[in-house]
Structure formats: structure tokens, C-alpha cells
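Peer 1: Have a look at this one before I ask anything.
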Amino acid sequence: MTTPEAAADLAYDTRAVETARTVATRLAHPPTLERAVAAAAEQTTFPTSVGWRPTSIAAGNPGLAVVFAAFDVHQPDEGWDRLGHHVLTQAVTSMSERASVGASLFAGWSGIGFAATSLARGRNRYARLLDAVDREVATQVHRAVQRLESTHGCGVGEFDLISGLSGVGAYLLRRRGSAEAAETLREILRCLSTLLADKGEPRRWHTPADLVGHAMSSAYPDGNHNCGLAHGVPGPLALLAIAIRAGVEVAGAEVAVDTAAAWLAEHALADEWGPTWPNAVPLPPSRGSQPDGTALAHGRATWCYGSPGVARALWLAGTALNADRYRDLAVEAMRAVLARPPDRRGITSPTFCHGTAGLLHIVRRFALDTGLPEFVAGTTELLRDLLDAYEPDSVLGYRNVEPGDVGVDHPGLLDGAPGVALALLAAGTHDEPVWDRLFLLS
């Protein structure tokens, strides 16, 4: 006999898949997508940073290809792979029209490769494209490694997940069956192992004052150590841990993982619910500097910054090293996330990067890895919240919410409806969400 609880869970799963499919269908309809692009441009309060970028997996066609690839896994006979091929072709065409393209995962060649690999699904597809991507990435990685090895302190974009070597490595992990890709991956892992193994103060991966981005400069006028999974040390930590688990051996990787995980453990903060992390740890103040006092404020409960992303990196580190001290801290931090009242989590948007979808997916990963009832219950609670946030009369079904409660019909994977669709599909099915390697969550 089906219990009321099981029936409710099944109903949520069914709604999740149906809602995800509705969003994906709208994304696959060119006039609807064009409406969303135009609407977002009118609605956003960040016009210089929010916009459709055809070659970007974060905010363009490669991101849509990843969504369609996930639906091709779930419904392999419904033509989702053809839809993915169409948008990937558009992205590659746009690439050829640009004067220069970087190697990064979220805005460059690695994103194209990630999308193509997702659509190929082990089938003999996109081989020539992927070989070309791997050659271009290898050339750019070699230059990036040389820069990073010669510096003490750098912009986060040199090594992070969004723009740097960690993101490129996330793509290459999926291509390690190719000899060239495997060697480029090892070059990245060796470089990041050296970077993260440093125990100096400040660490070699710190951000000097002149390279701190504008959004963080008032909080960290003297520089910082970035703690976000998207832009800080948890990114390369997660990559190295995943590589170790995948059997990619690089000298010094385990020492680097232990050193970086220990640093994060040492710099955890605490509130009445448990451990948490700031966006970054400030460097010592220089004479005359005037921090705005927010440097060690607790981060949001999101993927990009805050406890969920850090906890996931620590869990992966603990699993790679078979170190309970890191896994236990990760579990404690995630319990604290769920114990905090929703209005204390700092989440106002349903989206993946800094919203409910990203938190849902991380909690679900912890539920699958641990089987702990609080994470199973947390998954159900967050799925309900995400389904309740559905706006059927909006262009795509979900809108990003900017400061000031500004709703934006964002069509990008990172900050818009596509990322929500991925999280909903994963929550409502038993399909392995291999796409979340994009976020270094598995």
C-alpha cells in the first residue's frame, strides 16, 4: 500500500518533470526564446553583464544544448538531440565570427566542448569538433599554466571554475579518453596541485588588492582569499578531488587537496545553526585602508558562494582522501543550511547560480551520497519551493530575481530558466545528472 508521504513525493516528482519539460519546450521554440532575450534586456538592472551571448554556456546556445542533452537522456526518442545539434551549430558558427575566443568553460571553447560531449553521450558524434576544441584548449592552457606558475597572487579568473583552469579541467575530465585531452588535463592538475599545496601567508592563490573585482573591492580593499565554489579555492579543490576519484594520477594532488580542505576548515565561521563561510577571507589591512565591514559576513546558501558550494567541495575532498573530518564538516554545514530559516539563507531567486535550483541540487546530491533523512526531507522541501516559484504566464516559466525584487526573463543556464529545468529534471527522475560536472558537483 502506498503511504501518503510516498504518494506526495511521487506527485512532486511528476510535477517536476512536467514543469521541466514545459520550460525546455519553450526554450526550444525560437520565437519564445527571442522574446525572452528581448525581455531580459529591457528588465535587467545590470545591462552590461546580463545579455544573450550565443557562444557562452552560461548565457547562450551551449547552455541550451546541455539542457536538451539532459532531456535526450530522459526521452531519447523525442528528438532532443536534434534540437541540441541545432543550437550547438549556432554556437560554433558564432565562434567562427569572433576575433578571439578563450578556453574557459562558461564563456569559451571548453563550454562548446562540454555541450558537444553532453550531446554525444558516448556515441560517435562531434568527433572532429571535439578534436579541434581540444587542440585550441591545449594551446591556451599551456600559456595559462606558464602565467600561473610564475606569479604569487593572481586574479581568480586564472584558476577558478567560471573563467579559469578549474573550469577547463572540468571539461577535460569528460574527454580523458583522448590522449591530447588527457595530457592537457594532467598539465592543469599539476599546476593546480602546486598552487593549492602552498602554505604561505598569503597563499599563492590569493587575490591582490588591485585584482579584486569591483563588486568586492569595498569589502576587501587589501585583497582576499576567495571562498566561493564559482570563483575561489573550492573550485580547484573539487576538480582535484574528482580527478583523484576518477583515477587520474598527478604527483602532489592528494597533498594539495588536504592542504586546501584544511584551509577551508580552519576558516569556517559559525552561527547559531552551525558552520558557514564568508565570500572571502580578507588579507591583513594596510595603513589607511577602510574596509566596509562586510568582509566576514556569512555567505548566502547558494552554489556560487556560501556553505553549499564549499560543503560540496569538502565532501568531494573527504571522499577522495577517505577523510571523515572533511565529510563530517560538509554534512554539519549542510545540516546548518537546512536548519536556518529560509529568510536567513540569502536566496531570493529560483535560479541555479545563486538561487533555489542550485541549493536543491546540492542537497539532493548529499541525500544520494549519505541517505540521511534530513537531506531527503530537505530535497522534498526545496523541490516544493521551486515548483511553487513557477510562473506559467512568464516567458519561460521561471525568472531570475535581481536586487530590488526585479524579475528578469533570463534565458541563460547559469542565471535563468534553463538551469532551473535541469535541477527539476534531476529531482524528478532517476537519471544520473552528469551535466552537474559543469558545476563541479560530481
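Peer 1: Right, Val87: under 22 Å from the mean Cα position of the chain (by Cα) and surrounded by 18 or more Cβ atoms within 10 Å (Cβ to Cβ) or not?
Peer 2: Yes, satisfied.
Peer 1: Additional query: Given the conditions (1) in contact with a Ser or Thr (Cβ under 8 Å, 6 or more places away or on another chain); (2) crowded, with 20+ Cβ neighbours inside 10 Å, report the number of the one that Thr117 does not fulfil.
Peer 2: Checking Thr117 against (1) in contact with a Ser or Thr (Cβ under 8 Å, 6 or more places away or on another chain); (2) crowded, with 20+ Cβ neighbours inside 10 Å, the one that fails is (1).
Peer 1: Let me ask something additional. Of a type in the set (Lys, Arg) and farther than 26 Å from His267 by Cβ - does that describe any residue in the range 369-388?
Peer 2: Yes; the residues of the range 369-388 include at least one that is of a type in the set (Lys, Arg) and farther than 26 Å from His267 by Cβ.
Peer 1: So, one more: Please specify each residue of the range 163-221 satisfying the condition of being within 22 Å of Gly122 (Cβ to Cβ) and among the aromatic types (Phe, Trp, Tyr).
Peer 2: Tyr171 - this is the single residue of the range 163-221 that is within 22 Å of Gly122 (Cβ to Cβ) and among the aromatic types (Phe, Trp, Tyr).
Peer 1: OK, next. Conditions: (1) without any contact (Cβ under 8 Å) to a residue 60 or more places away in the chain; (2) buried (at least 24 other Cβ atoms within 10 Å of the Cβ); (3) not aromatic (Phe, Trp, Tyr). Arg82 meets all but one. Number of the miss?
Peer 2: Just one mismatch for Arg82, condition (2).
Peer 1: Okay, moving on. (1) in contact with a Lys or Arg (Cβ under 9 Å, 6 or more places away or on another chain); (2) under 21 Å from Gly306 (Cα atoms); (3) at pLDDT below 95: which one isn't true of Glu249, the others all being true?
Peer 2: Every condition holds for Glu249 apart from (2).
Okay, residues lined up against (1) of a type outside the set (Phe, Trp, Tyr); (2) buried (at least 18 other Cβ atoms within 10 Å of the Cβ):
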{"residue": "Asp9", "(1), (2)": "yes, no"}
{"residue": "Asp13", "(1), (2)": "yes, no"}
{"residue": "Ala24", "(1), (2)": "yes, yes"}
{"residue": "Ala36", "(1), (2)": "yes, yes"}
{"residue": "Ala41", "(1), (2)": "yes, no"}
{"residue": "Trp52", "(1), (2)": "no, yes"}
{"residue": "Ser56", "(1), (2)": "yes, yes"}
{"residue": "Phe71", "(1), (2)": "no, yes"}
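Peer 1: List the pairs whose first member sits in the range 200-218 and is farther than 21 Å from Ala256 by Cβ, whose second member is buried (at least 19 other Cβ atoms within 10 Å of the Cβ) and aromatic (Phe, Trp, Tyr), and whose Cβ atoms are under 6 Å apart, counting only residues at least 6 apart or on separate chains?
Peer 2: Pairs that qualify, where the first residue is farther than 21 Å from Ala256 by Cβ and the partner is buried (at least 19 other Cβ atoms within 10 Å of the Cβ) and aromatic (Phe, Trp, Tyr), are Val212/Tyr220.
For (1) more than 19 Å from Asp369 (Cβ to Cβ); (2) of a type in the set (Gly, Ala, Ser); (3) surrounded by 24 or more Cβ atoms within 10 Å (Cβ to Cβ), each residue gets a yes or a no:
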site	(1), (2), (3)
Glu272	yes, no, no
Pro284	yes, no, no
His298	yes, no, no
Ala301	no, yes, yes
Ser307	no, yes, yes
Leu321	no, no, no
Arg325	no, no, no
Ala336	no, yes, no
Asp343	yes, no, no
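Peer 1: Could you tell me whether any residue of the range 292-300 is at pLDDT 95 or above and under 26 Å from Arg437 (Cβ atoms)?
Peer 2: For the range 292-300, residues at pLDDT 95 or above and under 26 Å from Arg437 (Cβ atoms): absent.
Peer 1: Out of all the residues in the range 97-104, is one or more among the hydrophobic types (A, V, I, L, M, F, W, C), buried (at least 21 other Cβ atoms within 10 Å of the Cβ) and not in a helix (DSSP H, G or I)?
Peer 2: The answer is yes, given that some residue of the range 97-104 is among the hydrophobic types (A, V, I, L, M, F, W, C), buried (at least 21 other Cβ atoms within 10 Å of the Cβ) and not in a helix (DSSP H, G or I).
The values are calculated or read from the model by the stated rules, or taken from the named source; none is laboratory data. Please read all numbers here as calculations on a predicted model, not as lab measurements. Neighbour counts run over all protein chains shown; Cβ positions are idealised from the backbone, glycine included.
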